[in-house]
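Heads up: the structure comes next, in C-alpha cells.
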Amino acid sequence: MFFRRKKPKLEAKKEIPDGLWIKCNSCGEILYRKELAKKLWICEKCGYHFKIDSRRYVSILTDEFNELFSEFSPVNSLGFRDYEEKLEKDYKKTGLKDAIICGEAEIGNHNVVLSCMDFFFRGGSMGSVVGEKVKLSILHAMNRKIPLIVVCASGGARMQEGILSLMQMAKTSATLNLLADARIPYISILTNPTTAGVMASYASLGDIVIAEPGALIGFAGPRVIRDTVREELPPGFQTSEFLLEHGMLDAVVPRDRLKETLIGILDFFKS
Amino acid sequence: MNRTFLEFEKPIVELERKIDDLKLLQQEGIADLGDEIAGLEKKLKKLQDDIYGSLTRWQRVQLARHPARPYFLDYVRYITENFLEIHGDGCFRDDPAIICGLARIKGKSVVLIGQEKGRTTKEKIKRNFGMAHPEGYRKALKVARLAARFGKPLVCLVDTTGAYPGIGAEERGQAQAIAVNIKEFAHLPTPIIVVITGEGGSGGALGIGVGDVIAIMQYAYYSVISPEGCASILWRDASKAPEAAEALKVTAQDLIELGVVDKVIPEPSGGAHRNPNEAASILRDFILGEIDRLSGIPVEELVKKRIEKFQGMGVVKRDI
Ligand SMILES: [Zn+2]
C-alpha cells in the first residue's frame, strides 16, 4: 500500500531527559535537575535555553492562569493517513489536545490574555485548532480590552491538515487587524524554534516582538536553504541574535528576565 | 502547437500530429481524406475527454507546472490594453520574481500583481523561477496600498512554487514580509481579486493571496507544502510526491470542498497551455465580472466580509 516508510524513524532525543542529572545540549555540562529547574531551564554554564512545554511557560510568566478554549480538539478532515494515531500519541505524551494552551492570566498586576504554543505536541505545528484558538484569544483580548501575549514555538504548518493549516495564517493575521484597530497591545515572544507558517503570520506581527536567546527563527528550515543555495550558511544564521542584528526583532530577552520585561511593557502601555 | 508535453499528454499529441499530417495531404490535393480526418478528430475528442476527465491529483500538479502554461506576462499581454510596470520596493531592490503594474482591462483601471516564472532560461534565472524575496512582497504591498488609496481594484495572479528559501531572503525577513502582507491585504479598503493561475505554493502564494474572492484555474493547485516536500519530510522519499499530492488534497475541486477557494475558472480543453488565448479571455471575463460585482459592495462591508471569510476557515471539533 501507500506511504510505507523504508526505515523506522529514530525516536527523537528527549529535550529534557528523566533523571537527576541532565547534560546540556549545547556545552555538555552535567547539570543537577533541581538547580536547572530553579534556573528556569537555562544552562548556568553556557546560557543554553532548554525547550520547555507550554505549562512551564505559564508557570514562569504568570501569577494566575485560567484556561480558555480548552474545548477544541483536532479533526482529521483530509483523512490523512496515520494522523489520528499521531495526535493520540502526543495527547498521551503531553496531556494536550493540540499544540497550544490559552487563558486569561495575571502578570504582576496586569490582566492579559496569554496563549502558549507547545513544541512537544506535533512540533508546535499549526493546524485548525491552533489557528482557531489564536483567533479566539485575539477576540477575547479585544472584548476584555486587555493585552495579548503569545508565546510561539513552532516548526510551521501542520502538514496533515493541508491547505486548511495554511489558511490559519490568514485567519490569525486578518483577525489581528481588529486588535490593532482597537489599540490593544499585542506582544509576541519567539522561542526555540519559531519558523515557517507561524513566523510568517502572527509570530511576526506583535506590536512588540521579543525572542529568547539562541532560538531558531526563520521562514525556511536551514536544511532546505542549504539544499537550495548549495553553500555553507553563515555562522549563527537564523538565531535570535542574527535576526536582531539584521533588524528583524525588537529585543532578545533571556527567559529569567521575560516576566519582568513583560511587566515593564505592560506598565508602559497602561500608563 | 507546443512541442513540450507531459507523459500523459503523449497519445493526444501523437494523434494531433497524425491529423495535421493528413490535413496537409488534403490541402495539397494528394488524396481526399475528409472522412478519415473527421473520424480521427472524433477519436481525439474522446481521447481528450478520457485523459483529462480522469487526471490524478499529481497529473494536475504537473499540468499546473507545465512548461508551456501561460505565465503572468502572457496574461498581461492578452488581457490588458496597456500596462505600466511599477518597479521596486522603495527600500532594497526590484524583485523580478514579482511583477506589479498599472493596467487597463477593457477600459477599467486595475492594479495587477503576480509572480512570473520566466519563459526562457535567461528569463527564468532573472526571475528566480518565480520565487520571490522579501522585497518582492514589499513591492506588492507598496502597489496594493496605492490601489487602495485611489480605490482601484487589485488583481493578484498567483503562480509560484513558493517564496525563495535563501540566505538573503532570511536576512531581510521573508517571514515578516509575508506576515505583514497577509495582515495588510486582509483590510485594504479596495476590492481584491485573487486567482491561482498555476502553482499556489504555500506562504509564498498567500503573501499575495488574501482577497475578497479567491479563484483558481481548473488545472492549478494550491498547497501548504509541495508534494515533494511533504513526501520527503513525512516519508523521507521525495519520489512519493504523487501519494502526497493525493493526501494533501490540492486540486481546484478539493479546495472548493474545503471552503478555501470560492470559484474555479474553467480552462480550454486540455489546459490553458493548449489555447492560451482562450484561457486568457476566460480569465479576463472572470476578472471583469468580479470587479463589477465587488465594486457594488460598500468597501467597509467588503473588508468586514473578507476578514470574516478567513476567520471561518478550518475544521475543529468542539466538545460541549
Ligand atoms: Zn550549556
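Structure values in brief
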{"quantity": "Residues of segment A:28-64 that turn out to be aromatic (Phe, Trp, Tyr), open to solvent by less than 50 Å² (accessible area, probe 1.4 Å) and not in a loop (DSSP other than H, G, I, E, B), as a count", "calculated": "1"}
{"quantity": "Matching option when the condition is under 26 Å from B:Ala272 (Cβ atoms), within 8 Å of chain A (Cβ to nearest Cβ) and among the polar types (S, T, N, Q), among B:Ser226, B:Ser202", "calculated": "B:Ser202"}
{"quantity": "Of residues in segment A:227-240 being surrounded by 16 or more Cβ atoms within 10 Å (Cβ to Cβ) and more than 8 Å from every other protein chain (Cβ to nearest Cβ), the one farthest from A:Leu190 (Cα to Cα)", "calculated": "A:Thr239"}
{"quantity": "Hits in segment A:148-186 (condition: basic (Lys, Arg) and more than 15 Å from the chain's Cα centre (by Cα))", "calculated": "A:Lys171, A:Arg183"}
{"quantity": "Qualifying residue in segment B:12-28 (condition: in contact (Cβ under 8 Å) with a residue 60 or more places away in the chain and not assigned by TED's automatic domain parsing to the domain that holds B:Gly198)", "calculated": "yes"}
{"quantity": "Inter-residue pairs, beta-carbon under 7 Å, first within 14 Å of chain B (Cβ to nearest Cβ) and in segment A:43-71, second more than 16 Å from the ligand (Cβ to nearest atom) and of a type in the set (Asp, Glu), 6+ apart", "calculated": "A:Leu68/A:Glu104; A:Glu71/B:Asp319"}
{"quantity": "Any hit, segment A:89-99, residues being in a strand (DSSP E or B) and not small (Gly, Ala, Ser)", "calculated": "no"}
{"quantity": "Residue list for segment A:205-221, filter: open to solvent by 30 Å² or more (accessible area, probe 1.4 Å) and more than 9 Å from every other protein chain (Cβ to nearest Cβ)", "calculated": "A:Asp207, A:Ile208, A:Pro213, A:Gly214, A:Leu216"}
{"quantity": "Check on A:Gly103, in the same structural domain as A:Leu179 (by TED's automatic domain parsing), open to solvent by less than 10 Å² (accessible area, probe 1.4 Å) and not charged (D, E, K, R)", "calculated": "yes"}
{"quantity": "Neighbours by Cβ (under 6 Å, 6+ apart or cross-chain): first from segment A:90-110, hydroxyl-bearing (Ser, Thr, Tyr); second open to solvent by 10 Å² or more (accessible area, probe 1.4 Å)", "calculated": "A:Thr94/A:Phe120"}
{"quantity": "The listed residue being within 13 Å of chain B (Cβ to nearest Cβ) and open to solvent by 10 Å² or more (accessible area, probe 1.4 Å), out of A:Gly127, A:Gly155, A:Gly131", "calculated": "A:Gly155"}
{"quantity": "Residue in segment B:237-246 that is hydrophobic (A, V, I, L, M, F, W, C), open to solvent by less than 30 Å² (accessible area, probe 1.4 Å) and outside any helix (DSSP H, G or I) present", "calculated": "no"}
{"quantity": "Output for segment A:174-208, where each listed residue is more than 13 Å from A:Val130 (Cα to Cα) and among the small types (Gly, Ala, Ser)", "calculated": "A:Ala174, A:Ala180, A:Ala182, A:Ser188, A:Ala196, A:Ala200, A:Ser204, A:Gly206"}
{"quantity": "Count of segment A:241-261 residues which are surrounded by fewer than 16 Cβ atoms within 10 Å (Cβ to Cβ), within 9 Å of chain B (Cβ to nearest Cβ) and touching a strand residue (DSSP E or B) at 6+ places or on another chain (Cβ under 9 Å)", "calculated": "0"}
{"quantity": "Residues satisfying the stated conditions in segment A:111-124, i.e. in contact (Cβ under 8 Å) with a residue 60 or more places away in the chain and under 12 Å from the mean Cα position of the chain (by Cα)", "calculated": "A:Cys116, A:Met117, A:Asp118, A:Phe119, A:Phe120, A:Gly124"}
{"quantity": "Hits in segment A:20-68 (condition: away from the ligand (no atom under 16 Å from the Cβ) and among the aromatic types (Phe, Trp, Tyr))", "calculated": "A:Tyr57, A:Phe65"}
{"quantity": "Given (1) part of a loop (DSSP other than H, G, I, E, B); (2) crowded, with 18+ Cβ neighbours inside 10 Å; (3) within 16 Å of the ligand (Cβ to nearest atom), index of the condition A:Pro17 fails", "calculated": "(2)"}
{"quantity": "Hits in segment B:158-171 - residues which are among the β-branched types (Val, Ile, Thr), out of contact with any Lys or Arg (no Cβ under 9 Å at 6 or more places or on another chain) and surrounded by 24 or more Cβ atoms within 10 Å (Cβ to Cβ)", "calculated": "B:Val158"}
{"quantity": "Flag if A:Tyr202 is more than 10 Å from chain B (Cβ to nearest Cβ) and among the aromatic types (Phe, Trp, Tyr)", "calculated": "no"}
{"quantity": "Residue that is nearest to the other protein chains (Cβ to nearest Cβ), among those in segment A:173-192 that are open to solvent by 10 Å² or more (accessible area, probe 1.4 Å) and touching a strand residue (DSSP E or B) at 6+ places or on another chain (Cβ under 9 Å)", "calculated": "A:Ala180"}
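Each row is one residue, and each column tells you yes or no for (1) without any contact (Cβ under 8 Å) to a residue 60 or more places away in the chain; (2) within 14 Å of chain A (Cβ to nearest Cβ); (3) assigned to a strand (DSSP E or B); (4) open to solvent by less than 10 Å² (accessible area, probe 1.4 Å).
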| residue | (1), (2), (3), (4) |
| --- | --- |
| B:Val111 | yes, no, yes, yes |
| B:Lys122 | yes, no, no, no |
| B:Tyr137 | no, yes, no, yes |
| B:Lys142 | yes, no, no, no |
| B:Ala148 | yes, yes, no, no |
| B:Cys156 | yes, yes, yes, yes |
| B:Ala175 | yes, yes, no, yes |
| B:Phe185 | yes, yes, no, yes |
| B:Gly198 | no, no, yes, yes |
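Here's the yes/no breakdown for (1) of a type in the set (Phe, Trp, Tyr); (2) out of contact with any Leu (no Cβ under 8 Å at 6 or more places or on another chain); (3) open to solvent by less than 60 Å² (accessible area, probe 1.4 Å); (4) facing chain A (nearest Cβ under 9 Å):
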site	(1), (2), (3), (4)
B:Ala215	no, yes, yes, no
B:Gln218	no, yes, yes, no
B:Leu255	no, yes, yes, yes
B:Gly271	no, no, yes, no
B:Ser281	no, yes, yes, no
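The values are calculated or read from the model by the stated rules, or taken from the named source; none is laboratory data. Note that the structure is a prediction, hence the values are computed from the model and not measured. For neighbour counting, all protein chains shown are included, and Cβ atoms are generated from backbone atoms with ideal geometry for every residue, glycine included. SASA here: full protein model, heavy atoms, side chains in, ligands and nucleic acids out. Shrake-Rupley method; radii C 1.70, N 1.55, O 1.52, S 1.80 Å.
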